[in-house]
Every structure is written in C-alpha cells, then in structure tokens.
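First comes the structure, then the notes that go with it.
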Amino acid sequence: MFFQDAVFRSGVSLVRVDAAVSDASGRILTDLKKEDFRIFDDGVPQPILQFSFEEEPLDVVLLFDTGGDMKSKFLPLIRAVELGFHELKRDDRAAVMVYSGVSVQLLPLTPDFAAVNDAILLQVLKQRFGGSSKLVAAADDAARKFQAQPSSQRRRAILVITDKTAAKNSPNDQAIHDLWRADAVLSELILDHPPQPTDTVVEQTGGATIPAGADPGGAFIESLRRLRRRYTLYYAMPPDAKKAAPGTQRTIRVEVRPGTHVFARKGYRIA
C-alpha cells in the first residue's frame, strides 16, 4: 500500500517523492528511467522500490495575489487563465483562493471549470486590492485545506499568481511542514516583474518560479504542465527514521545526471 501523506506514522514504511526534472535550458524531461535517479534520506542513499511517470489527476489551488497594484494586471491575467484551462483534464479539480494580508477561499475544489472561471471573473475582481501580500501564510492555509481532504493518489499543487511587488515573506517552518504533510507542490507564476530568487517555501516543496514575460497564457499552461508531469518514486523509510522522536525532521535529496535540475520536496517530519 502506498501513502501520500508526507508525515509518517508508526507502521508506514514507504516514502513517496514526486519530482520534475529539467535540462539546462529549462525544458522538462519526460524520458528518464529509474536508473537515472538517486535518492538520499538524511544523506544516505536509498534503493528506489517503485518508479513511474504518469499524468495522475491534478488538484490545484489557484491562489491569486490581491496586494499592491495587482488589480491593474488582472485583465490580461484572466485571459491567460482562460487559455490555461485547456491544460486541465476531465478528472482534474481546481479551487480559487485570494490573499493579501489574509487569505480567503472563493471556491472549493471542483471539477466544474465553468464555475472556476466564474469565480475568477465575478469574485476575484470584486476583492479589495492593495496592501502587503503574505504568500507564505496563504500557502499554509491552502495546505491545511488539502490536509482536510481524503487521502488519494491525486497530485496536489498550489499555483500562486503574483507580481511579488508587495510581497512580505520569510521562511516559515510550519508552512513547509504543512505543505510536506499535504504532499502539495507550491509554484509561482510571476507577472510583470524582474526575475527573483525562488522563495524558500517554493523550493522546499519542489515547486518552481516561472516568469510570465510577454506571454502569461503560455506561462500559465507551462506552470500546469510542470505540476502535472512529474516522476513518482517510493523508497523504504530507513530504520533510524522509524525510531526517531515525533517532530524530527528528515532531509530528502533527489539527484539525476549532471546538467539537470530536480524539483522535489526536500524533506519530511516524523509525527
């Protein structure tokens, strides 16, 4: 039996890690084999027991930044999101949330993409815009909503749409742990802003920071593809991890050949 929850309890022996891999140009690689991967738990190499590359159904939270000057950027953004819906599949589900100082869920996970579109068009634009944007707290809220969902083999992702100009973020261990526990990848689609380093929380979950550039629609589609096209690896939890005290944090490192970049979560915590 495989377990999706990234916080492991007594008797659970398999660790699941989803990973995306890009080459030096940023192109996502989809032809890798089990033998191309090495995985380390607290620095110790682990045999990969199960390996697959499948497009599993996607649960994605669309998390819209309403801080700063985001309202002026929403018309081209809405068109980009409408184009991106073509990347969603019949078995996918999407939710809509907004955030600035606090986060608000406008629509829970649903397979009804018309309802998702209406929530964006009719509800997001009605929000009060301005002020600072607390991305980490909003991502933590989204992760907790995922934790309330039944366990499944659906991929879980949070896609933040932001310009980051009003961002006030700092590393938050609790948010990282909640995202690990939810087995949710946090990625960012950045609008109209010079490239910035990837946020720590994004990096720790195996997500990516993608600039929209002159083609926000294409960038939105690329963001969804990166979230969907991921390898799944399982390895046995090491004996010392099973004996570790609750709250102990373990590190995970996934490697492929030189010249590639791996997007995978960086750890888990013993419950």
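The values are calculated or read from the model by the stated rules, or taken from the named source; none is laboratory data. Keep in mind the model is a prediction, meaning the values are calculated, not measured. Reconstructed Cβ throughout: ideal geometry from the backbone, glycine too, with neighbour counts over all protein chains shown. Heavy atoms of the whole protein, side chains included, go into the accessibility calculation; ligands, DNA and RNA do not. Shrake-Rupley method; radii C 1.70, N 1.55, O 1.52, S 1.80 Å.
The protection proxy used here, the mean number of other Cβ atoms lying within 10 Å of each residue, ranks peptides 157-164, 263-270 as follows, highest first: 157-164, 263-270.
Quick one: dipole size for region 195-258, taken about the Cα centre, charges +1 on Lys/Arg Cβ and -1 on Asp/Glu Cβ, in debye to the nearest 20. Could you put the intermediate results ahead of the total?
Values: 10 positive and 6 negative charges, 78 e Å.
So the dipole magnitude of region 195-258 works out to roughly 380 debye.
Any of K164/K266; K134/K242; K73/K134 with alpha carbons more than 26 Å apart? Name them for me. Going by Cα-Cα distance, K134/K242 fall outside the 26 Å limit.
What part of the accessible area of region 11-71, given as a whole %, is carbon or sulfur when the probe is 1.4 angstrom? Present the calculation step by step, with values, prior to reporting the outcome.
Values: 1290 of 2690 Å².
Whole-percent figure for carbon plus sulfur exposure: 48.
Each of T30, A148, V124 was placed along the dipole of the chain (beta-carbon charges, centred on the mean Cα), and the one lying farthest toward the positive end is A148. If only the Cβ of Lys and Arg carry +1 and only the Cβ of Asp and Glu carry -1, the dipole of region 127-271 around its Cα centre is close to 600 debye.
Please give the net charge around R229, taking every other residue with its beta carbon less than 13 angstrom from that of R229, where Lys and Arg add +1 and Asp and Glu add -1. Show your work: numbers first, answer last.
On the way: positive: R27, K89, R155, R225, R226, R228, R230; negative: D18, D31, E54, E55, E56, E87, E222.
With Lys, Arg at +1 and Asp, Glu at -1, the neighbours total 0.
From the square roots a ≥ b ≥ c of the eigenvalues of the alpha-carbon gyration tensor of region 114-271, which class results: rounded (a/c under 1.5), prolate (a/b over b/c), or oblate? Taking the square roots of the gyration eigenvalues as a ≥ b ≥ c, region 114-271 is prolate.
Accessible area per residue for the chain in Å², computed with a 1.4 Å probe and the full protein assembly in place, what is it? Don't skip to the end; give the middle numbers.
On the way: 12110 Å² over 271 residues.
I get 45 Å² per residue for this part.
Let me make sure I get this right: for region 64-164, a, b and c are the square roots of the gyration tensor eigenvalues over alpha carbons, sorted descending. Under 1.5 in a/c it's rounded, otherwise prolate if a/b > b/c, else oblate. Which is it? Here region 64-164 falls in the oblate category.
From the alpha carbon centroid of region 28-105 to that of region 206-271 is 11 Å.
If you roll a 1.4 angstrom probe over the protein chains with everything in place, what fraction of the accessible area of region 113-188 belongs to carbon and sulfur, to the nearest %? Its accessible area is 47 percent carbon and sulfur atoms. Placing dummy labels 7 Å off each Cα toward the beta-carbon, the span from K34 to F53 is 1.5 nm. Shape summary of the chain, radius of gyration then Dmax from alpha carbon positions: 18.1, 54 Å.
Note on region 200-271: Kirkwood hydrodynamic radius from all Cα pairs is 14.7 Å, rounded to one decimal.
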